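Worksheet: one structure, shown below.
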Amino acid sequence: MLSTRVGVGIGLVVGALFLSVPAAVAADDSGIRIRPGNASPGSTVTVSTTACGKETYGKGESEAGGAFHLFAGDRAGVLTGQFQVPEETGPGIHAVTVKCPPRVKVTDTHEITARTPSGAVDAGFGPDGKGTQLALGGALLGGAAAGAAVRMRRRPSGVRT
């Protein structure tokens, strides 16, 4: 009985692995590699492909970045090109198409994410003149607190306002 359960468990694991292999192979059948897969506006995206075979030149078109050229890369059979994501590009999924002679055309997609903030938060200190504003504001608050304290001392006890 125990050996039957173990056999069924092994069969299920092997079956799951067998079914996942075609999905993994199909995920890379476009022949295009886009890095980074999640780009932000203003970043440079690199596209490489093996779909062109022995060709040494190809053309690319990005919905977000426009036309770009692909040239022979570091490895044989790989063409590489780059494009810049424009600053005004909104987040979403965008297509990239690569064309090579004589009739090769492959398309894949990549995601453009919202720009992440960079730099420090302006806390009001620093050489940009806000230190004077902060000192003046502190002096005004201190004066208001002192005035309230003096007023509280002058009030006769038992009198409510």
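The values are calculated or read from the model by the stated rules, or taken from the named source; none is laboratory data. Keep in mind that what you see is a predicted model, and the values were worked out from it rather than measured. Backbone-built Cβ (ideal geometry, glycine too); neighbour counts: all protein chains shown. Just the protein is used for accessible areas: all its heavy atoms, side chains included, with ligands, DNA and RNA removed. Shrake-Rupley method; radii C 1.70, N 1.55, O 1.52, S 1.80 Å.
Points to keep in mind about this one:
- Among the strands (runs of 3 or more DSSP E) confined to segment 69-117, the ones with at least 2 residues that are without any contact (Cβ under 8 Å) to a residue 60 or more places away in the chain and within 21 Å of the chain's Cα centre (by Cα) are located at 79-84, 92-100.
Results for (1) under 18 Å from T56 (Cβ atoms); (2) open to solvent by less than 40 Å² (accessible area, probe 1.4 Å), shown as yes or no for each residue.
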position: D74; (1), (2): yes, no
position: G77; (1), (2): yes, yes
position: G81; (1), (2): yes, yes
position: P86; (1), (2): no, yes
position: I93; (1), (2): no, no
position: C100; (1), (2): yes, yes
position: V104; (1), (2): yes, no
position: T109; (1), (2): no, no
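- When segment 52-105 is filtered for residues that are of a type in the set (F, W, Y) and over 20 Å from S40 (Cβ atoms), the ones remaining, listed by number, are Y57, F71.
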